[in-house]
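Participant: Please read through the structure below; I'll follow up with questions.
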Amino acid sequence: MSIWEYANPKKFMQTSGLLLPWVTGLAAIALVVGLIWGFFFTPADYRQGATVKIIFLHVPAALMAINGWLMMLVASLIWLIRRHHVSALSAKAAAPIGMTMTLIALVTGAIWGQPMWGTWWAWDPRLTSFMILFLFYLGYIALWHAIEDPDTAADLTSVLCMVGSVFAILSRYAVLFWNQGLHQGASLSMDKTQHISNVFWFPLIVCMGGFVLLFVALLLLRTRTEIRARRLQALLLRERMA
Amino acid sequence: MLPELGKYAATVLGAYALAILLIVGLVVLSLRQATRMRDRLRDVEERVKE
């Protein structure tokens, strides 16, 4: 069986209909367990105090803000190369989810920054690239709504997505190659000696899993809605022509 | 019931409240759009069949 079979809307609707309840259930469990664990059962940090608990929202949201855009990039490239409508519609469906994740990362970061850095906002490389990523999300969504022909909209938004990918990658790696910013380095690392203490690490992993599953569940739901909207448009057009 | 948040209680609770509000808002909006679109499509499909 080839992965391209799922480019068939009918096949996608069948498979996603089966998967959606399971992914939604798993997302709910992981989010509830992870956030309750992080909020109620982790200690205050010796420097950050209780504000360290914000990490359980901020880091997973930032992870999905960046990876959401990269998922849109892959879907856009598939659209441009193979012209599969489901991939263009899945990129369109992912944008509001990614935009919300970016907003959560920005808001929780600002709330954390006020007591820790003494400011809600700084023109730091990571913060600035994240703000630009948020604006790209807004522009991407606006472009989809501004163009009537769906194929032209898919083409132009795909190009915009490729341009915006620079900022998605930049927001991930900005702290590594620009040292003048306020934002600290990565909280997580494959090297065990570098990442945060296990008492925060384990609930954070559960929260990150929960955010990934939430993204997938919402993506499936919203892509199904987009496919239905496209079919509705086609039926209404056919009705008008008859 | 609440953990000891000390002087950062408003900061932490504010961050959680806003983030959960945004997530719940996104989920509710996505579900509403999905239900509305499914019902509209069903109506049109039935009308086309007739």
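The values are calculated or read from the model by the stated rules, or taken from the named source; none is laboratory data. Nothing here was measured: the structure is a model prediction, and the numbers come from that model. A quick note on method: Cβ atoms are made from the backbone with ideal geometry, for glycine too, and the neighbour counts reach across all protein chains shown. For the accessible areas, the whole protein counts, side chains as well, though only heavy atoms, and no ligand, DNA or RNA atoms are used. Shrake-Rupley method; radii C 1.70, N 1.55, O 1.52, S 1.80 Å.
Participant: Out of A:V74, A:V52, report the one residue that is out of contact with any Phe, Trp or Tyr (no Cβ under 6 Å at 6 or more places or on another chain), aliphatic (A, V, I, L, M) and farther than 30 Å from A:L156 by Cα.
Facilitator: A:V52
Participant: Another question about this same structure. Looking at region B:22-37, can you tell me whether even one residue there is more than 7 Å from chain A (Cβ to nearest Cβ), within 25 Å of the chain's Cα centre (by Cα), under 13 Å from A:R228 (Cα atoms) and in a helix (DSSP H, G or I)?
Facilitator: Within region B:22-37, one or more residues are more than 7 Å from chain A (Cβ to nearest Cβ), within 25 Å of the chain's Cα centre (by Cα), under 13 Å from A:R228 (Cα atoms) and in a helix (DSSP H, G or I).
Participant: Identify the single condition in (1) assigned to a helix (DSSP H, G or I); (2) modelled with pLDDT under 95; (3) surrounded by fewer than 23 Cβ atoms within 10 Å (Cβ to Cβ) that A:L80 does not satisfy, given that it satisfies every other one.
Facilitator: Looking at each condition in turn, A:L80 falls short on (2).
Participant: Limited to region A:218-229, what total is found for residues that are facing another protein chain (nearest Cβ under 9 Å) and either farther than 18 Å from A:A105 by Cβ or surrounded by fewer than 21 Cβ atoms within 10 Å (Cβ to Cβ) (or both)? It would help to see each step written out before you state the result.
Facilitator: So in region A:218-229, the residues facing another protein chain (nearest Cβ under 9 Å) come out as A:218, A:221-222, A:224-226, A:228-229.
After this cut, where a residue has to be either farther than 18 Å from A:A105 by Cβ or surrounded by fewer than 21 Cβ atoms within 10 Å (Cβ to Cβ) (or both) as well, the list is A:221-222, A:224-226, A:228-229.
So the count comes out to 7.
Participant: Out of all the residues in region A:230-242, which are more than 14 Å from A:P150 (Cβ to Cβ) and either assigned to a helix (DSSP H, G or I) or facing chain B (nearest Cβ under 7 Å) (or both)? It would help to see each step written out before you state the result.
Facilitator: Start the filter on region A:230-242 by keeping residues that are more than 14 Å from A:P150 (Cβ to Cβ), which leaves A:235, A:238-242.
A:L235, A:R238, A:E239, A:R240, A:M241 - these are the residues of region A:230-242 that are more than 14 Å from A:P150 (Cβ to Cβ) and either assigned to a helix (DSSP H, G or I) or facing chain B (nearest Cβ under 7 Å) (or both).
Participant: Based on what the data block shows, is B:R40 over 30 Å from A:H58 (Cα atoms), of a type outside the set (V, I, T), surrounded by 11 or more Cβ atoms within 10 Å (Cβ to Cβ) and more than 7 Å from chain A (Cβ to nearest Cβ)?
Facilitator: On the way: over 30 Å from A:H58 (Cα atoms): yes; of a type outside the set (V, I, T): yes; surrounded by 11 or more Cβ atoms within 10 Å (Cβ to Cβ): yes; more than 7 Å from chain A (Cβ to nearest Cβ): no.
So B:R40 fails the test.
Rundown of residues vs (1) at pLDDT 95 or above; (2) at negative phi; (3) within 9 Å of another protein chain (Cβ to nearest Cβ), yes/no style:
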residue	(1), (2), (3)
A:W22	yes, yes, no
A:L31	yes, yes, yes
A:I36	yes, yes, no
A:D45	no, yes, no
A:L57	yes, yes, yes
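Participant: Given the criterion hydrophobic (A, V, I, L, M, F, W, C), in a helix (DSSP H, G or I), more than 7 Å from chain A (Cβ to nearest Cβ) and farther than 17 Å from A:T24 by Cα, identify the matching residue among B:A19, B:A15, B:A10.
Facilitator: B:A10
Participant: Is it fair to say A:L73 is open to solvent by 60 Å² or more (accessible area, probe 1.4 Å) and either over 16 Å from A:C207 (Cα atoms) or of a type in the set (S, T, Y) (or both)?
Facilitator: no
Participant: Please find, among A:L89, A:L135, the residue that is surrounded by fewer than 19 Cβ atoms within 10 Å (Cβ to Cβ), more than 11 Å from chain B (Cβ to nearest Cβ) and of a type in the set (A, V, I, L, M).
Facilitator: Answer to the selection: A:L135.
Participant: Separate question: Go over the candidates A:T108, A:T100 one by one and state the one that is under 29 Å from A:G210 (Cβ atoms), without any contact (Cβ under 8 Å) to a residue 24 or more places away in the chain and of a type outside the set (D, E). I'd like the intermediate steps shown before the answer.
Facilitator: Working: A:T108 fails: without any contact (Cβ under 8 Å) to a residue 24 or more places away in the chain.
It is A:T100.
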